[in-house]
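A.B. asks: Okay, here's the structure, questions in a sec.
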Amino acid sequence: MCPGSFDPVTNGHVDVINRAAALYDELVVAVLVNPGKAGLFSVDERMDLLRDAVADLPNVTVDSFEGLLVDYCRAHDIPVIVKGLRAVGDFEYELQMAQMNRELAGVETLFVPTAPQVGHLSSSLVKQIATFGGDVSRLVPKGVYDRLVQERTRRLGQGEST
Ligand code: PNS
């Protein structure tokens, strides 16, 4: 599985999902439900945007989960988590989580180095740029781009300065 917040999915995520889908017969992309954190998009909308972004990959399904990742893996017989690594900055925390998930449930983590063209992408940066009217059309799937533009138009319509 490929787990994440996906708020929203970026071309960096899509790169990792495509490569994970080529390695395994089945791939679940699962959105973490974090009740303490609202996010820009609802979990349902994140899932819709993801479904749209992976529509060309027949072995990929999209789901959501709340709680521990290893509990989801156990419940669905998932043996491997696939994570993208953008740069060394990602490694320390990802390594810690990978070791913990293996200790908790024997679930392995496979790290995929992201393609250099998308190594600088993050959902937070994309949201920040889109909020201030910057062009993110080359950084996210088309459906996400359209929703970000819509969101900015809505905010401007409500009289918000950004
Ligand atoms: O896209 P993100 O925010 O980097 O994804 C992080 C995610 C969802 C993969 C991570 O926060 C996670 O696994 N959360 C579930 C809670 C959990 O299992 N925590 C213990 C990890 S060792």
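A.B. asks: In the chain, which longest range has no GluC sites (Glu not before Pro) that are both DSSP loop (not H, G, I, E or B) and surrounded by at most 14 other Cβ atoms within 10 Å?
C.D. replies: 67-159
A.B. asks: Once fully extended, how much extra length lies between R154 and D63, figured as 0.36 nm per residue of separation less the alpha-carbon to alpha-carbon distance?
C.D. replies: Extra length available between R154 and D63 comes to 30.0 nm.
A.B. asks: With all protein chains present, how much of the accessible area of region 79-130 (probe radius 1.4 Å) comes from carbon and sulfur, to the nearest whole percent?
C.D. replies: Result for region 79-130: 59 percent of the exposed heavy-atom area is carbon or sulfur.
A.B. asks: Could you work out the helix-only [θ] at 222 nm for the chain, with each DSSP H run of four or more residues adding -39,500 (n - 2.57) and the total divided by the number of residues, to the nearest 500 deg cm²/dmol?
C.D. replies: Numbers: 6 runs with 74 residues, N = 162.
Per the formula, -14500 deg cm²/dmol.
A.B. asks: Let me ask something additional. Per residue, how many Å² of accessible area does the chain show with a 1.4 Å probe?
C.D. replies: Averaged over the residues of the chain, the accessible area is 57 Å².
A.B. asks: Then there is this: In debye, nearest 20: dipole of the chain around its Cα centre with unit charges on the Cβ of K, R (+) and D, E (-)? Please list the in-between numbers first.
C.D. replies: Numbers: 15 positive and 22 negative charges, 108 e Å.
In total the dipole reaches around 520 debye.
A.B. asks: Please work out the Cα center distance from region 26-84 to region 98-162, rounded to the nearest Å.
C.D. replies: First find each Cα centre; the distance between them is then 15 Å.
A.B. asks: Across bins of 10 angstrom width beginning at 0, how are the C-alpha pair distances of region 16-162 distributed, in whole percent?
C.D. replies: Answer for region 16-162: a P(r) of 10, 33, 39, 15, 3, 0 percent.
A.B. asks: Sticking with this structure for a sec: Calculate one ³J(HN,Hα) per residue across region 35-42 by plugging θ = phi - 60° into the Karplus curve 6.51 cos²θ - 1.76 cosθ + 1.60, and present them in order as whole Hz with x for glycine and proline.
C.D. replies: Ordered by residue, 3J(HN,Hα) equals x, x, 9, 5, x, 6, 10, 5 Hz.
A.B. asks: At 0.36 nm per residue, and after removing the present C-alpha to C-alpha distance, how many nm does the segment from L23 to D56 gain when stretched out fully? Display every interim value, and only then the final one.
C.D. replies: On the way: separation 33, 0.36 × 33 = 11.88 nm, distance 1.57 nm.
That works out to 10.3 nm of additional length.
A.B. asks: Continuing with the same structure: Explain nothing, just the number: relative contact order of the chain, from Cα pairs under 8 Å at least 6 residues apart, as a whole percent.
C.D. replies: Details: 213 pairs, mean separation 44.7, N = 162.
Answer for the chain is 28 percent.
A.B. asks: May I ask you to list the lysines whose Cα is less than 16 Å away from that of K142, ignoring any residue fewer than eight positions away on the same chain?
C.D. replies: Within the straight-line limit of under 16 Å, K142 reaches these lysines: K127.
The values are calculated or read from the model by the stated rules, or taken from the named source; none is laboratory data. Bear in mind the structure is a predicted one, so any value in this text is a computation, not a measurement. Neighbour counts are summed over all protein chains in view; Cβ atoms, including those assigned to glycine, are modelled from backbone coordinates with ideal geometry. What goes into the accessible areas is simple: the full protein's heavy atoms, side chains included, and nothing from ligands, DNA or RNA. Shrake-Rupley method; radii C 1.70, N 1.55, O 1.52, S 1.80 Å.
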